[in-house]
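As structure tokens, the structure follows; a few thoughts come after it.
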Amino acid sequence: MATKAKLYIAITAALATAILAEVAARWNPENLGRFFLFSALAMLASAMKIRLPGFKTTISTNFVFLLIGMAMLSFGETVLIGLGGALMQSLWKTQTRPKPVQVLFNGACLTVCTAAAFWTSHAVPSMLGLNSMAVMMVLGACVYVVLNTGLVSLVISLAEGRSLTELWSSCYEWTFPYFLMGAAVAGLASAASHGTNLGVALLIVPAMYFVYLYYRMHIVRAVLDNLSNVGQEGDTVLAGASQGR
């Protein structure tokens with residue numbers, strides 16, 4: 001791995017460590033039962049992961065519960081749920097055994113993304129004098145998506161020497177519809193529950209499962225179409241070579 005990539009991972013891990021130290025210092029859960037419930041739901045959602053074409057990484061539906069957590073849980077609780085979800089996503093039923101540095105970066109990345117999204121979703125509306133759950137959810141989702149795709153694209157760019165612009169564009173193109181659907185479900189659930197009704201939050205589990213199935217089929221279809229196009233181009237080249245003879 002390139003030295004720049006190692007340095008970048010070390011900086012990200014250090015930032016995540018500082019965030020977790022802050023969480024530990026101010027740990028004061030408002031409702032442990034609710035925290036453990038959301039942790040379990042996020043773990044379940046982390047197991048529903050999809051590998052992105054062209055990337056050695058996956059996305060899952062756990063971000064939905066992180067967005068809801070921003071409205072219903074404290075900063076420390078939401079950050080820990082994000083970290084737990086990242087570890088589950090990295091280690092559960094992987095095609096190849098992940099390297100420790102990959103697990104470290106994934107955990108650090110989601111810790112930083114969750115913390116930044118939580119802080120933005122609460123601090124900005126407060127500074128503007130707004131008390132709107134819709135504004136909170138939109139801000140949190142935007143920061144999470146941009147930062148998550150950006151951090152992942154940057155580490156791949158540094159490690160493999162690929163173009164950051166192309167990587168980020170491709171990653172964003174694949175993940176944006178998924179995040180958009182998930183954010184919409186999270187926003188509707190939070191609005192319907194008014195931040196207190198856990199029953200509504202439980203109802204989004206089957207909804208997100210169907211979103212996961214649909215998006216997985218969409219990616220599989222896109223990959224198959226791409227392979228088909230490549231095969232057709234190869235046949236054309238061969239035909240041209242045959243005629244040239």
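How do the pairs read when you match residues in the range 67-94 that are under 15 Å from Leu41 (Cβ atoms) with residues anywhere that are outside any helix (DSSP H, G or I) and not hydrophobic (A, V, I, L, M, F, W, C), using Cβ under 6 Å and keeping only pairs 6 or more apart or on different chains?
Ala71/Gly195; Met72/Gly195; Glu77/Pro29; Gln89/Lys49; Gln89/Ser60
Looking at Ala21, is it modelled with pLDDT of 85 or more and of a type outside the set (D, E, K, R)?
The answer is yes for Ala21.
Please enumerate the residues belonging to the range 1-23 that are out of contact with any Phe, Trp or Tyr (no Cβ under 6 Å at 6 or more places or on another chain), among the hydrophobic types (A, V, I, L, M, F, W, C) and touching a residue at least 24 places away in the same chain (Cβ under 8 Å).
Within the range 1-23, Met1, Ala2, Ala5, Ala13, Leu15, Ala16, Ile19, Leu20, Val23 meet the criteria.
Can you tell me which residue is nearest to Ala186 (Cα to Cα) among those in the range 208-220 that are out of contact with any strand residue (DSSP E or B) (no Cβ under 9 Å at 6 or more places or on another chain), of a type outside the set (Phe, Trp, Tyr) and modelled with pLDDT of 70 or more?
Step by step, filter the range 208-220, then rank; the result is Met208.
Which residue is farthest from Val152 (Cα to Cα), if the candidates are limited to the range 32-48 and must be free of Cβ contacts under 8 Å to residues at least 40 places away in the same chain and not small (Gly, Ala, Ser)?
Leu32
Under 7 Å between Cβ atoms, which residue pairs at least 6 apart in sequence (or on different chains) link something in the range 152-179 that is touching a residue at least 60 places away in the same chain (Cβ under 8 Å) and small (Gly, Ala, Ser) with a partner that is part of a helix (DSSP H, G or I) and surrounded by 16 or more Cβ atoms within 10 Å (Cβ to Cβ)?
From residues that are touching a residue at least 60 places away in the same chain (Cβ under 8 Å) and small (Gly, Ala, Ser), the pairs are Ala159/Ala5.
Out of Ser60, Ser39, Ser90, report the one residue that is modelled with pLDDT of 85 or more and either surrounded by fewer than 18 Cβ atoms within 10 Å (Cβ to Cβ) or within 24 Å of Val138 (Cα to Cα) (or both).
Exactly one of Ser60, Ser39, Ser90 is modelled with pLDDT of 85 or more and either surrounded by fewer than 18 Cβ atoms within 10 Å (Cβ to Cβ) or within 24 Å of Val138 (Cα to Cα) (or both), namely Ser39.
The values are calculated or read from the model by the stated rules, or taken from the named source; none is laboratory data. This is a predicted model, so every value here is computed, not measured. Reconstructed Cβ throughout: ideal geometry from the backbone, glycine too, with neighbour counts over all protein chains shown.
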